[in-house]
1. Quick one: which strands (runs of 3 or more DSSP E) lie wholly within the range B:11-110 and hold at least 2 residues that are more than 11 Å from chain C (Cβ to nearest Cβ)?
2. Condition (residue is in contact with a helix residue (DSSP H, G or I) (Cβ under 9 Å, 6 or more places away or on another chain) and over 20 Å from B:Pro16 (Cα atoms)) applied to the range B:76-90: is it met by at least one residue?
3. Going by what's in this entry, would A:Ser6 be described as in contact with a helix residue (DSSP H, G or I) (Cβ under 6 Å, 6 or more places away or on another chain), farther than 27 Å from B:Phe118 by Cα and without any contact (Cβ under 8 Å) to a residue 40 or more places away in the chain?
4. Scanning for something hydrophobic (A, V, I, L, M, F, W, C), touching a strand residue (DSSP E or B) at 6+ places or on another chain (Cβ under 7 Å) and under 16 Å from C:Val133 (Cα atoms), does the range B:80-91 turn up at least one residue?
5. Taking the range A:48-67 on its own, how many of its residues are more than 21 Å from B:Val135 (Cβ to Cβ) and either modelled with pLDDT under 95 or of a type in the set (S, T, N, Q) (or both)?
6. Is there any pair with a first residue in the range C:107-127 that is free of Cβ contacts under 8 Å to residues at least 60 places away in the same chain and a second that is in a helix (DSSP H, G or I) and acidic (Asp, Glu) whose Cβ atoms are under 8 Å apart and which are 6 or more apart or on different chains, and what are they?
7. With (1) farther than 26 Å from C:Thr120 by Cβ; (2) touching a Pro at 6+ places or on another chain (Cβ under 9 Å) as the list, and B:Ser33 as the residue in question, which single condition is left unmet?
8. Could you grab me the full set of residues in the range B:28-55 that are surrounded by 18 or more Cβ atoms within 10 Å (Cβ to Cβ) and under 23 Å from A:Tyr34 (Cβ atoms)?
Amino acid sequence: MSAVESRLAEAGHTVPEAPAPVAVYVPAVRTGSYVYTSGQLPLSGGELLATGKVGDGVDPQLAYDCARQCALNAIAAVKSVVGDLDEVVRVVKATVFVASTPDFTGQPAVANGASELFGTAFGDAGQHARSAVGVPVLPLDAPVEVELVVEVR
Amino acid sequence: MSAVESRLAEAGHTVPEAPAPVAVYVPAVRTGSYVYTSGQLPLSGGELLATGKVGDGVDPQLAYDCARQCALNAIAAVKSVVGDLDEVVRVVKATVFVASTPDFTGQPAVANGASELFGTAFGDAGQHARSAVGVPVLPLDAPVEVELVVEVR
Amino acid sequence: MSAVESRLAEAGHTVPEAPAPVAVYVPAVRTGSYVYTSGQLPLSGGELLATGKVGDGVDPQLAYDCARQCALNAIAAVKSVVGDLDEVVRVVKATVFVASTPDFTGQPAVANGASELFGTAFGDAGQHARSAVGVPVLPLDAPVEVELVVEVR
């Protein structure tokens with residue numbers, strides 16, 4: 001087990017299997033020293049942790065949990081192309097899309113669900129640049145979607 | 001004609017001229033082995049294929065066609081900086097923004113209009129990471145906008 | 001003072017200090033020859049230039065000014081990791097998120113506030129690829145958020 005997965009396990013998290021590649025796109029692409037992931041939804045065991053918008057039915061704590069699950073799935077997507085997560089040199093950039101009503105402005109606190117998991121998993125190498133933005137709706141009515149760029153050895 | 005353009009021609013598609021560079025930004029930038037495109041709208045012959053939001057006036061099939069046109073324009077933008085599209089090693093990442101009412105959750109099927117075109121054009125090298133997200137509105141009231149990162153020789 | 005900052009000073013702009021890193025993410029990450037910034041809000045002296053949505057209380061000119069301030073803050077974020085802004089070889093990609101009502105379609109003119117500042121600061125090296133998209137809401141109810149990828153020496 002990679003040191004990354006050990007640290008996650010200590011915090012009670014398991015890296016899932018990456019979703020099966022579909023015909024037209026893949027969970028992640030490695031190019032040179034970088035891995036780009038597809039946008040990840042808060043799926044766990046094939047089910048979304050929640051559906052809906054923050055500010056209308058989804059509270060910020062639940063959205064935080066969703067962001068964390070998206071982050072776990074993004075790590076799984078990285079693993080699907082690099083094999084050993086200890087090959088990750090740096091989490092470079094995370095973009096966190098939060099399905100929001102126009103009056104909900106707490107996207108950063110939601111996005112921390114992802115950011116803090118990257119810290120748990122990768123330590124200093126998990127310190128990343130981040131954008132958090134509101135969107136009206138996401139695929140499958142998911143409350144959060146996270147995409148990632150990481151540098152690998 | 002590049003093999004990429006031959007494959008597109010067989011499928012009935014022509015790579016357009018890239019939009020003229022404007023003063024303040026450009027259709028695409030090459031940096032090292034990568035090309036980043038600007039966000040591409042579904043313009044064909046200077047006209048948008050459609051305007052409006054999916055879920056309110058634009059049906060998903062029309063939005064799929066828009067995503068495909070955005071993808072063609074993104075390929076044109078890549079061509080404007082690399083010349084020969086056969087220099088493309090890999091389509092790395094596509095981000096597909098879909099102008100959506102808050103109750104439309106079918107962004108992935110819309111985005112397939114772009115993803116499938118990249119498969120047609122580039123074969124295995126067209127398999128990319130992808131994010132599809134809803135947005136309330138796009139420039140010129142376009143239903144779809146697509147941006148791209150590709151690796152080139 | 002870098003030539004970049006001299007050009008900005010002539011145009012009446014000062015590169016601010018980058019926001020202090022927070023625990024979970026950082027203003028910018030350098031990886032190889034690239035710097036990725038976090039999404040930047042139109043903060044000046046710790047205050048947002050404006051709050052609200054374009055099309056509902058924030059007019060396009062004010063949003064343009066916000067985009068320019070976001071761009072200044074993005075330059076500050078780059079400086080925080082490279083030190084000397086004259087090390088910037090190219091502004092590669094800017095993404096401009098504009099908090100918009102669904103009927104406001106002028107995101108490109110708003111985004112020019114950022115794009116033109118990059119031209120002022122970096123000259124030809126400031127010509128970048130760009131995406132401009134509407135979003136329903138941004139952190140702290142900011143009208144604009146800008147993220148950046150730049151190539152450095």
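1. Filter on the range B:11-110 gives B:88-99.
2. Scanning the range B:76-90, I find at least one residue that is in contact with a helix residue (DSSP H, G or I) (Cβ under 9 Å, 6 or more places away or on another chain) and over 20 Å from B:Pro16 (Cα atoms), so the answer is yes.
3. Numbers: in contact with a helix residue (DSSP H, G or I) (Cβ under 6 Å, 6 or more places away or on another chain): no; farther than 27 Å from B:Phe118 by Cα: yes; without any contact (Cβ under 8 Å) to a residue 40 or more places away in the chain: yes.
No; evaluated as a whole, the condition is false for this residue.
4. No - not one qualifying residue is present in the range B:80-91.
5. Number of matching residues: 1.
6. Pairs found: C:Gly113/C:Asp65.
7. Result: B:Ser33 fails condition (2) only.
8. Scanning the range B:28-55 gives B:Ala28, B:Val29, B:Thr31, B:Tyr34, B:Val35, B:Tyr36, B:Thr37, B:Ser38, B:Gly39, B:Gln40.
The values are calculated or read from the model by the stated rules, or taken from the named source; none is laboratory data. Since we're looking at a predicted model, the values are computed, not measured. Positions of Cβ are generated from backbone atoms using ideal geometry, with glycine treated the same way; all protein chains shown enter the neighbour counts.
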